[in-house]
Structures are given as structure tokens and as C-alpha cells.
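Okay, so here's the structure we're looking at.
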Amino acid sequence: SGDHRDLHSFPTRRSSDLHWFWIGVEMLPTILPVFLSVFGTVAVAFLIIDQFKSEYIWPIGTILATFASTIVVGHSQVKKLGTIKEKRFFGLLIILCLLAWLSFNVSYSSQHVFTDRDPAVYAVAGEWLTKHESIKIPVHSSFKQVRGVLQGSVGFRVDSSTNKPFIFAQGQHLLPAFLGLTGRIIGDNMLRINVLFGAIALLSVYGFATL
């Protein structure tokens, strides 16, 4: 006997594309933080061993982050509250609101480089990493020859415990690592990337709240 199934029962390409679109809307608040967490871990690991090289970090970080994201998608069995339409509506609404927030704030992102505040420490450390493979900044004798100029600051300290003293940035190095990698591609515009990570952080909070 022939196959007499209704042609309308077959999924069209458009419906298939929309299906994957809505899956992306639902999973983005979970996948994006996982991807950045794994990628950032790889970047900081290479930074710790003073091998902050793009040719190592980008391929290895991307492969491991993609693998981790795939695992999250495959094991995401959490049943969220609400109907399908409600979840899709609010998921898309949050993403659109964050894109609007990002578009507005990118022109007003913090570019504070006076190292009396944490954002400046991260920005200066990120700028250093755009051209160097280590977070350690060598101490130059010229610092000692200028009256009123100090080697360290509120956010940077001098380590003189070795034969070659160096200046190191205080705080966590995840954001400087991200800034350093993007700065090698987009130059000084990397200082505007701070607001992007802020938007991702807000998206992560929403993703966690929906679990």
C-alpha cells in the first residue's frame, strides 16, 4: 500500500528553522555563560604559565567550550515553568531588552584608566596583555629616576622577591584575559567590551533564575 500521509504533516524548512531559532532563544542564557566560563578557564590557565598566546588559546578554548556547551544542551532536562508560548515570549523579550541595553550603554562604557579603582586595574592589565604573553610587568630602572613617580599603585604591586622584580595586577585576571584577547583583534576599542560582559552577566542571572 502507498504512503497516504498528509503533505502538511511533513516539516517544512521554514518550520525547522523556526524550531532551531526558538531552541537557541531558550538555551542561550545557559549556553553562553558555560561557553565563556570554559573558554576563560583556558585563557587564564595559559596566562598563569606566562604563555598567553592567541594561537594556543583560541583553538583550544573554542573546542573545549563548544564541547562543554554541547554537553549542557544534551543534558538540559530541567522542566521550566510556563507554557511554550510564555517561555518563548519572555526569552525573546529578555534578549531584545539586553540588546537594547547593550546598544545604549556601549557609548557610555567605563574607560577608567586611573588605577585607583578595580575597573581601571582590569582595563590597564587587559591593555598590557594585548601586546604581551605574561601579566607580569618588568620593573624598569627609569621609574626610580623620576621624582614623585612610583612603581606601584593602588591596584598594582611590586614583587621584589626574585632577581628580576616585576609589577603585578591585583584581583582576578579573567576580565583582563578577555580584554587582552579581544584587544589583539579590535585594538583600543576593547575598552568598550566591558559592557558586553555586563550584558552577558545579566543574561546569566536570567538563565539561572529560570532553572
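Please report, in cubic angstrom per residue, the volume enclosed by the convex hull of the alpha-carbon atoms of region 23-141. Display every interim value, and only then the final one.
Values: hull volume 17.7 nm³, N = 119.
With only Cα atoms used, region 23-141 gives 149 Å³ per residue.
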TODO: Could you tell me, in Å, what Rg and Dmax come out for the Cα atoms of region 162-203?
DONE: 13.5, 46
- [ ] Return the Cα extents of region 39-106 along principal axes one, two and three, sorted largest first, each rounded to a whole Å.
- [x] 49, 35, 16
Open item on the list: Report the gain in length on full extension from R117 to K53: 0.36 nm times residue separation, minus Cα-Cα distance, nm rounded to one decimal.
Closed with: 20.3 nm
TODO: Let me know the Kirkwood hydrodynamic radius for region 90-211, please, with Cα pairs as the basis and the value in Å to one decimal.
DONE: 16.3
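Read-outs: derived from the displayed coordinates by stated rules, not from any lab. Just so it is clear, the model here is predicted, and its values are computed rather than measured.
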